């Protein structure tokens with residue numbers, strides 16, 4: 001029988017809100033506010049924080065201050081503040097700024113990769129190698145991400161094997177079956193790979209996918225404070241799963257994350273304040289499950 | 001290893017929107033509109049529809065026309081149109097109106113049961129027996145439901161064993177661990193019971209719980225078209241999981257439901273029209289996963 005015994009005892013949560021989330025905001029968030037958010041997340045116990053990206057400031061003005069974020073950040077010991085970088089130039093700038101780890105990315109499909117960075121998958125794979133060289137030179141870790149491992153908004157379904165030549169499954173809200181297929185395919189080809197998974201909640205399946213991944217022994221998951229990122233209430237939306245929704249579920253499952261839910265909710269409220277619009281987080285809205293009872297109204301017969 | 005092999009091949013979906021959903025609407029929906037919605041759901045392939053409740057019209061004016069709903073309904077062969085009833089009087093009225101099955105309910109906790117129907121759990125259990133008598137006399141099925149099997153808004157956590165004396169687990173958004181505990185406890189005590197589960201999506205865990213239940217072999221799940229019911233965007237909200245979100249996930253997992261997603265989305269749009277406000281359904285908003293690509297805007301670097 002499945003169940004708690006097959007779930008990992010602890011899960012590493014990588015917080016992507018400050019980069020993946022704030023990068024998607026129409027208006028850049030002030031550098032000091034970014035730093036406040038990152039510090040609140042570290043204070044809540046998150047140990048892996050995607051803090052910013054070093055990309056073209058013309059294409060992505062939201063991340064133009066990446067180096068300044070690192071300069072102002074009061075680092076918490078034990079926390080890895082990573083930078084997303086598309087190429088050697090970005091990698092060098094990130095190392096110079098003081099990033100603890102680099103994150104590279106490539107899509108499983110050419111059409112998505114072209115739309116994202118105007119390069120084919122094989123061109124991007126060469127960039128990935130150059131970034132890895134820079135990381136090795138600096139003695140820091142590099143983590144890879146495959147967008148569209150589960151499916152592509154342009155090309156539809158992606159066969160599980162397509163993702164294997166690259167690094168870790170990523171992006172596009174799949175369903176539990178696809179999680180099983182991709183994890184099994186990647187493990188078959190690369191049994192020693194440390195798999196990280198990143199789920200969007202576009203169609204409500206993010207936590208279902210997370211539970212499926214946990215059942216397969218995956219213990220490294222991405223999430224975004226408040227559910228920052230994407231436009232979850234728009235048509236075709238692709239919102240990130242909220243860190244507090246993930247941590248809340250893991251807490252109740254008895255799975256350790258090292259994150260304090262109360263402090264994380266403070267960070268989520270700050271995130272909501274910074275973007276000045278309601279975030280899709282469920283626990284931020286409803287409160288944690290074990291909060292003191294406060295039914296809005298008495299339930300009605302059969303309710 | 002977990003995975004598709006342990007999931008059931010087919011799942012029975014019980015649609016609760018016309019009763020559980022419309023009963024929670026501030027303004028009663030017109031009888032003909034209720035009938036239109038029920039007929040649209042049957043047309044989509046749903047075979048179990050909770051159509052109305054026979055309760056005090058003073059306490060629940062939204063359901064005052066329950067008998068008239070059955071009178072006007074064009075029944076589709078093979079569809080079970082069930083009525084929720086709190087007691088013998090409701091049961092007799094439902095049988096008289098032509099209900100195909102009766103649904104009884106009782107909470108696992110006195111405080112919730114008192115707030116819901118102003119009776120203790122043991123008083124309600126006597127009502128349940130009377131309803132079962134009426135059903136037996138009429139030769140129709142009776143299905144039981146335990147509210148607060150997973151936890152109670154007044155009393156907090158509910159030990160898994162507490163639910164066993166009654167019928168099937170119900171209500172209050174739990175997490176996967178609680179699903180495992182309750183299913184294992186109920187199975188241990190009542191191995192032949194046909195377990196139905198009903199999940200709220202208050203904290204985003206409804207589909208995670210559904211997948212966990214599927215992994216335990218549970219193949220009978222409740223859901224509500226459009227996510228009707230509760231006020232999912234209010235504080236302390238307890239929205240039902242949307243039928244189309246559940247069916248969409250099951251479809252993609254290769255699990256049969258007999259439901260046509262396109263026709264179901266038509267019914268969800270109708271539901272949204274009837275309540276004149278946006279429903280929390282995710283697939284209604286985002287479209288099915290395999291819909292033709294239509295990204296709102298080109299993704300940005302690392303997006």
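Data table
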| item | result |
| --- | --- |
| Failed item, numbered, when residue A:115 is tested on (1) within 24 Å of residue A:195 (Cα to Cα); (2) out of contact with any strand residue (DSSP E or B) (no Cβ under 6 Å at 6 or more places or on another chain); (3) part of a helix (DSSP H, G or I) | (1) |
| From B:264, B:250, residue being surrounded by 14 or more Cβ atoms within 10 Å (Cβ to Cβ), more than 19 Å from residue A:207 (Cβ to Cβ) and modelled with pLDDT of 90 or more | B:264 |
| Residue in segment B:104-120 that is away from chain A (no Cβ under 13 Å), within 21 Å of the chain's Cα centre (by Cα) and surrounded by fewer than 24 Cβ atoms within 10 Å (Cβ to Cβ) present | no |
| Conditions (1) touching a strand residue (DSSP E or B) at 6+ places or on another chain (Cβ under 8 Å); (2) at pLDDT below 95; (3) farther than 20 Å from residue B:214 by Cβ: number failed by residue A:218 | (3) |
| Boolean, residue A:26 is farther than 16 Å from residue A:250 by Cβ, within 14 Å of chain B (Cβ to nearest Cβ) and either modelled with pLDDT of 95 or more or not in a helix (DSSP H, G or I) (or both) | yes |
| Where residue A:78 falls short, out of the listed (1) on the phi > 0 side of the Ramachandran plot; (2) free of Cβ contacts under 8 Å to residues at least 24 places away in the same chain | (2) |
| Segment B:138-155 residues that are at positive phi, paired with ones that are part of a loop (DSSP other than H, G, I, E, B) (beta carbon under 6 Å, 6 or more apart) | B:148/B:108; B:148/B:109; B:148/B:158; B:148/B:171; B:148/B:172; B:151/B:158; B:151/B:172 |
| Restricting segment A:124-160 to residues that are assigned to a helix (DSSP H, G or I) and within 14 Å of another protein chain (Cβ to nearest Cβ), the residue that is nearest to residue A:174 (Cα to Cα) | A:160 |
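One line per residue, one yes/no per condition, for (1) free of Cβ contacts under 8 Å to residues at least 24 places away in the same chain; (2) more than 9 Å from chain B (Cβ to nearest Cβ); (3) touching a helix residue (DSSP H, G or I) at 6+ places or on another chain (Cβ under 6 Å):
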site: A:191; (1), (2), (3): yes, yes, no
site: A:196; (1), (2), (3): no, yes, no
site: A:209; (1), (2), (3): no, no, yes
site: A:215; (1), (2), (3): no, no, yes
site: A:256; (1), (2), (3): no, yes, no
site: A:260; (1), (2), (3): no, yes, no
site: A:267; (1), (2), (3): no, yes, yes
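The values are calculated or read from the model by the stated rules, or taken from the named source; none is laboratory data. Just so it is clear, the structure is predicted and the values come from calculations on it, not from any experiment. Every residue, glycine among them, receives a Cβ derived from its backbone with ideal geometry; neighbour counts consider all protein chains shown.
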